[in-house]
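Worksheet: one structure, shown below.
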Amino acid sequence: MAAGIGIHMIADIHTHTFPDRIAKRTIDSLASVAHIRPSTDATADSLYASMKKAGIDYSLVLPVATKPSQVEKINTTAYENNLKYKDIGIISAGAIHPDYEGWYEELARVKQLGLKGIKLHPVYQGYDLDGVKFMDIMKRCAELGLFVITHAGDDIGYPGAVHCSPEMSLHVTEEIPELTLILAHMGGWQNWKEVCEKLVHTNVLLDTAFSLYPVHRLDDHWKEDEPWLLTNEEFMEMVNLFGADRILFGTDCPWADQAEYTEVFRKLPLSKEQYTKIMGENAAELLSL
């Protein structure tokens, strides 16, 4: 098991990989749009190597269905990959696209395949989180006991396109209180003040992906002086406000280096209990590890 501050396990709840045949062109395209230098080549092999370097025991891969036609293949592939997760530590969530007509039955198949939850990306999929299509999907997930993890807040590649605001997330919790809803990027990327104002008294969980330094820019000098991530002090304020029980360690690898990110967390002024919960215990409960 990974070494840490009194911890038995480290789990990264937010990572991305792509099939080997498209990984390079996909990651190069996304990096160019986001002006971010990736830490891996976004293949499963490179994620595994990154985990070994960082001392991470488990990584959850979050696939995004950008087209309805991708849904069934993504979920089948996730199931096949999960058959060997105990050997390599890489687990995959499922995916649903809001325009996929068979979403109701497919979510039942996701459950039958043993996947623990699904990833939604309101920006890439073109709908507000609290719109009718996503709300119906999330109600079905709640019925089946599937968690939903969603991109939240702004997106570095699509500035101003906020399809999951704190207000939308609040609406979801009010309408579907039994849903396990995980908001990526500490509840809403660059919406953190509103996250603290609106969501602290809800039951949402937050992941830490792409919210702390270091994340490395490409050498293109694009908005290089903009303060676009939380400071360590701001992050600790959110930890103390929401409580460590509601925060899950995530890196957004390949957009952050797992080894660098775990080192950041080792140096934060977290108590032993806070550190243990955030880095692994909460994920273990969520994923039945």
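Observations on the structure shown:
- Accessible surface, per residue, of the stretch 1-158 when the full set of protein chains is kept, probe 1.4 Å, Å²: 45
- Local net charge near Ala256, Cβ-Cβ under 11 Å (Lys/Arg +1, Asp/Glu -1): -3
- Calculated mean residue ellipticity, 222 nm, the chain: -11500 deg cm²/dmol, from DSSP H runs (n ≥ 4) at -39500 (n - 2.57) each, averaged per residue and rounded to 500.
- Cross-link table Lys139/Lys193; Lys73/Lys139; Lys86/Lys116, entries beyond 21 Å C-alpha to C-alpha: Lys139/Lys193; Lys73/Lys139
- Rg then Dmax, both in Å and based on the Cα atoms of the stretch 99-202: 13.3, 39.
- Assigned charges on the beta-carbon of Lys, Arg, Asp, Glu; the chain dipole about Cα centre (debye): 800
- The chain, accessible surface, carbon-and-sulfur percent (1.4 angstrom probe): 50
- Within the stretch 164-289, the ratio Rg/Rh, alpha carbon atoms throughout and Rh by Kirkwood, equals 0.97.
- Range of Cα positions in the chain per principal axis (Å), largest first: 46, 42, 40
- Hits among lysines - C-alpha to C-alpha of Lys133 under 17 Å, sequence gap 8 or more where chains match: Lys67, Lys119
The values are calculated or read from the model by the stated rules, or taken from the named source; none is laboratory data. Predicted model, so just to flag it, every value in this text is computed and none were measured. FYI the Cβ positions are ideal-geometry reconstructions off the backbone, even for glycines, and counts take in every protein chain you see. All accessible areas refer to the heavy atoms of the entire protein, side chains included, with ligands and DNA or RNA removed. Shrake-Rupley method; radii C 1.70, N 1.55, O 1.52, S 1.80 Å.
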